[in-house]
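To start, the structure itself, in structure tokens.
The values are calculated or read from the model by the stated rules, or taken from the named source; none is laboratory data. This structure is a prediction, so every number in the text was calculated from the model and none was measured. FYI the Cβ positions are ideal-geometry reconstructions off the backbone, even for glycines, and counts take in every protein chain you see.
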């Protein structure tokens, strides 16, 4: 066997197919009964393949070790994965925020394209095949030990994923294997993770999705950052794109025992003065109604009872009796709805794993280990993670391509 690839996710499938393009014998080992389980659930099942922004912008969205990815991104970029899929019958569309999805809106089409790629390149795929350890002789890799026996090769690509969504097979096996052969593992923590909220009213809004809102995080008076877009209330607190993007810096602050406050602007397109004028017009329109029946054009129905309670204005109060001060207080509430973060959800619920194999021990051009000759890394097992928007999958595709190419070329030289 020329090349062994451990892990049948996005990076592993790319690495295996690329290595096999050189006419080498390649085996892909996946411990689950089927390939690409995590790929299927990305983008809410639609598969946010990549992001159409320029490479410099892509690198700005990488949270950990962006410089390490420079070579991989230049070797196989967003345009390349789009072309790769379109050649295999998967047309793509670019949506808000330059996010790229399959035109069909089905992640299974992306997975099928990769499975067909592996068949086309004659990769031997062995599913339900768990790797237990790497076989090392001196400072060189010699193969792997699996539950069914040992496989031998002088080139092994470790693409075993992270520790988030363990049901997909990402249970941290790759970190254990890398550590056993001498690699440093940067401590694992959740990346892009929902947040638990102290206020009980947040759970009362379970299922409510808000679009075009702005969320800002603070420790004391210091802003940690803000995001504009979509968020979702859940049974424990909040999730959605803008929450996930802010979650990394929030989790870091929480780990330092800092209290984190969130300020939600429900009407970011309006200034306080403009919102006050809007309220005046609505209150004039509904002047004969009670306060509780005057907010239907301003807020989602599910949110109205919460805002009424937090505003302190009696719900039965006639609208034409609401004072200027009460109206100003309501406007301030809509522009600055506060929540306190209790904690981040656990690593198992995170979209990605932060931490992993220390990249300073890996050659950024070839993704070969600097410690073990013939051992390559790609995907989430490395200490790289990015924001939502297609960036994490691009990391997987780019590093998978680079590792597969380098492993193959090291053999045929």
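When the criteria are applied in full, residue 8 fails the requirement of being out of contact with any strand residue (DSSP E or B) (no Cβ under 9 Å at 6 or more places or on another chain), in a loop (DSSP other than H, G, I, E, B) and farther than 18 Å from residue 385 by Cβ. Note on segment 125-150: residues that are surrounded by 13 or more Cβ atoms within 10 Å (Cβ to Cβ) and in a loop (DSSP other than H, G, I, E, B) total 3. Is one or more of the residues making up segment 151-161 closer than 21 Å to residue 349 by Cβ, touching a helix residue (DSSP H, G or I) at 6+ places or on another chain (Cβ under 7 Å) and not in a loop (DSSP other than H, G, I, E, B)? Looking through segment 151-161, none of the residues is closer than 21 Å to residue 349 by Cβ, touching a helix residue (DSSP H, G or I) at 6+ places or on another chain (Cβ under 7 Å) and not in a loop (DSSP other than H, G, I, E, B). Checked against the criteria, residue 97 counts as touching a residue at least 60 places away in the same chain (Cβ under 8 Å), on the phi > 0 side of the Ramachandran plot and either surrounded by 16 or more Cβ atoms within 10 Å (Cβ to Cβ) or assigned to a helix (DSSP H, G or I) (or both). Being buried (at least 16 other Cβ atoms within 10 Å of the Cβ), assigned to a helix (DSSP H, G or I) and at pLDDT 95 or above, is that true of even one residue in segment 254-265? There is no residue in segment 254-265 that is buried (at least 16 other Cβ atoms within 10 Å of the Cβ), assigned to a helix (DSSP H, G or I) and at pLDDT 95 or above.
Matching residues to (1) within 23 Å of residue 245 (Cα to Cα); (2) touching a strand residue (DSSP E or B) at 6+ places or on another chain (Cβ under 7 Å):
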site: 2; (1), (2): no, yes
site: 97; (1), (2): yes, no
site: 106; (1), (2): no, no
site: 112; (1), (2): no, no
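Of the listed requirements (1) surrounded by fewer than 20 Cβ atoms within 10 Å (Cβ to Cβ); (2) within 16 Å of residue 341 (Cβ to Cβ), residue 271 misses just one: (2).
Please work out if residue 366 is part of a loop (DSSP other than H, G, I, E, B) and touching a strand residue (DSSP E or B) at 6+ places or on another chain (Cβ under 8 Å). So residue 366 fits the description; yes.
Would you confirm whether or not segment 61-70 contains a residue that is in contact (Cβ under 8 Å) with a residue 12 or more places away in the chain, in contact with a helix residue (DSSP H, G or I) (Cβ under 9 Å, 6 or more places away or on another chain) and farther than 25 Å from residue 359 by Cα? Within segment 61-70, not a single residue is in contact (Cβ under 8 Å) with a residue 12 or more places away in the chain, in contact with a helix residue (DSSP H, G or I) (Cβ under 9 Å, 6 or more places away or on another chain) and farther than 25 Å from residue 359 by Cα.
Matching residues to (1) under 25 Å from residue 252 (Cβ atoms); (2) in contact with a strand residue (DSSP E or B) (Cβ under 7 Å, 6 or more places away or on another chain):
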| position | (1), (2) |
| --- | --- |
| 140 | no, yes |
| 171 | yes, no |
| 191 | yes, yes |
| 225 | yes, yes |
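Scanning segment 369-401 for residues that are farther than 27 Å from residue 85 by Cβ and in contact with a strand residue (DSSP E or B) (Cβ under 8 Å, 6 or more places away or on another chain) yields a total of 7.
Identify, please: which residue in segment 17-51 is over 23 Å from the mean Cα position of the chain (by Cα) and either in a helix (DSSP H, G or I) or modelled with pLDDT under 95 (or both) and is, among those, surrounded by the most Cβ atoms within 10 Å (Cβ to Cβ)? So, considering only residues that are over 23 Å from the mean Cα position of the chain (by Cα) and either in a helix (DSSP H, G or I) or modelled with pLDDT under 95 (or both), the one surrounded by the most Cβ atoms within 10 Å (Cβ to Cβ) is 19. In this entry, residue 348 passes the filter for residues that are modelled with pLDDT under 95 and part of a helix (DSSP H, G or I). Annotation note: of 298, 310, the sole residue that is in contact with a strand residue (DSSP E or B) (Cβ under 9 Å, 6 or more places away or on another chain), under 18 Å from residue 336 (Cβ atoms) and either surrounded by fewer than 18 Cβ atoms within 10 Å (Cβ to Cβ) or not assigned by TED's automatic domain parsing to the domain that holds residue 234 (or both) is 310.
From the residues in segment 319-339 that are outside any helix (DSSP H, G or I) and touching a strand residue (DSSP E or B) at 6+ places or on another chain (Cβ under 6 Å), which one is nearest to residue 277 (Cα to Cα)? Looking at the filtered set, the residue picked out is 336. Given the structure, is residue 54 in contact with a strand residue (DSSP E or B) (Cβ under 6 Å, 6 or more places away or on another chain) and either closer than 25 Å to residue 174 by Cα or surrounded by fewer than 17 Cβ atoms within 10 Å (Cβ to Cβ) (or both)? So residue 54 fails the test.
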